[in-house]
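These notes concern the structure reproduced below.
The values are calculated or read from the model by the stated rules, or taken from the named source; none is laboratory data. Small disclaimer: the values here were computed from a predicted structure and weren't measured. Please note: Cβ atoms are built from the backbone with ideal geometry, for glycine as well, and neighbour counts cover all protein chains shown. Calculation scope for accessible area: heavy atoms of the full protein, side chains included, ligands and nucleic acids excluded. Shrake-Rupley method; radii C 1.70, N 1.55, O 1.52, S 1.80 Å.
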Amino acid sequence: MRHGKKFNHLGRTADHRRAMLANMAISLIMHKRITTTLAKAKALKKYVEPLITRSKDDSTNSRRVVFSYLQNKEALKELFGPVAQKVGDRPGGYTRIIKLGFRQGDAAEKAFIELVDFDENMLKSPKAEKKTRRSRKSAAPKAEAPAAEAPAAEAPKAEAPVEAPAEAPVEEAPAAEAPAAEEAKAE
């Protein structure tokens with residue numbers, strides 16, 4: 001009976017699983033995002049998060065411990081360099097798993113796992129504006145009014161850029177001379 005044994009073996013021997021997770025961790029560190037199955041992504045998250053925590057303390061011992069897991073010098077440089085700098089103030093939760101649906105061939109659930117601080121799309125997300133709820137009756141006339149004003153407003157805008165460049169320099173020159181003339185009179 002396997003009571004209390006929650007570890008996912010991923011259908012592999014211990015050596016195969018250790019090598020696979022090390023390779024996936026190296027890929028995640030180097031590329032910042034990888035696509036895999038959901039089960040492997042969850043196993044990788046448990047594997048790589050302690051290594052990222054260890055990378056915050058850039059000491060010889062920490063480097064040796066992490067190198068014993070990864071066995072890749074380039075990944076070690078990347079982990080203790082840019083990755084450690086970005087996650088320095090984060091108290092855990094360095095990775096994000098997003099489900100992608102099911103694979104065509106065997107219906108395995110796909111997901112991508114990424115380093116949270118390296119996703120530009122999520123970092124630049126605008127804050128949601130607070131919207132008030134209105135009844136449909138009051139919203140319908142307001143929706144029609146801006147639609148009627150929009151074509152009228154667009155027509156003058158189309159003509160304005162043609163005339164504006166020719167008139168702008170002429171108006172700016174007298175405006176620049178006017179303060180100079182006022183200063184001369186004041187003296």
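Any idea which residue in segment 48-64 is nearest to GLU109 (Cα to Cα), counting only those that are assigned to a helix (DSSP H, G or I) and open to solvent by 40 Å² or more (accessible area, probe 1.4 Å)?
Kept after step one, since they are assigned to a helix (DSSP H, G or I), are these residues of segment 48-64: 48-55, 60-64.
Still in the list and also open to solvent by 40 Å² or more (accessible area, probe 1.4 Å): 50, 53-54, 60-61, 63-64.
Details: PRO50: 25, THR53: 28, ARG54: 30, THR60: 39, ASN61: 38, ARG63: 34, ARG64: 35 Å.
Of everything passing the filter in segment 48-64, PRO50 is nearest to GLU109 (Cα to Cα).
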Look through segment 11-43, keep the residues that are in a helix (DSSP H, G or I) and small (Gly, Ala, Ser), and return whichever of them is farthest from LYS86 (Cα to Cα).
ALA14
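If you go through segment 69-121, how many residues are of a type in the set (A, V, I, L, M) and open to solvent by 60 Å² or more (accessible area, probe 1.4 Å)?
Initially, segment 69-121 is screened for residues of a type in the set (A, V, I, L, M), giving 70, 75-76, 79, 83-84, 87, 97-98, 100, 107-108, 111, 113, 115-116.
If we keep only those that are open to solvent by 60 Å² or more (accessible area, probe 1.4 Å) as well, we get 100, 107.
Matching residues across segment 69-121 total 2.
Scan segment 53-88 for residues that are closer than 23 Å to ARG18 by Cβ and among the hydroxyl-bearing types (Ser, Thr, Tyr) and jot them down.
THR53, SER55, SER62, SER68, TYR69
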Check SER138 against each of (1) over 16 Å from the mean Cα position of the chain (by Cα); (2) at pLDDT below 75; (3) open to solvent by 70 Å² or more (accessible area, probe 1.4 Å) and name the one condition it does not meet.
(3)
Would you mind finding the one in ARG103, ARG17, ARG90, ARG63 that is basic (Lys, Arg) and in contact with a Phe, Trp or Tyr (Cβ under 8 Å, 6 or more places away or on another chain)?
ARG63
Subset of segment 10-47, residues within 22 Å of VAL65 (Cβ to Cβ), open to solvent by 20 Å² or more (accessible area, probe 1.4 Å) and of a type in the set (Val, Ile, Thr), comes to ILE26
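Scanning for something in contact (Cβ under 8 Å) with a residue 24 or more places away in the chain and loosely packed, with under 15 Cβ neighbours inside 10 Å, does segment 1-9 turn up at least one residue? Spell out how you get there, then give the answer.
From segment 1-9, those in contact (Cβ under 8 Å) with a residue 24 or more places away in the chain are 8; that's our starting set.
Checking the rest, the ones that are also loosely packed, with under 15 Cβ neighbours inside 10 Å come to 8.
Yes, because at least one residue in segment 1-9 is in contact (Cβ under 8 Å) with a residue 24 or more places away in the chain and loosely packed, with under 15 Cβ neighbours inside 10 Å.
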Report yes if some residue within segment 96-107 is out of contact with any strand residue (DSSP E or B) (no Cβ under 8 Å at 6 or more places or on another chain) and among the aromatic types (Phe, Trp, Tyr); otherwise report no.
no
Out of LEU21, LEU44, LEU51, LEU28, sole residue that is free of Cβ contacts under 8 Å to residues at least 40 places away in the same chain and closer than 15 Å to TYR94 by Cα:
LEU51
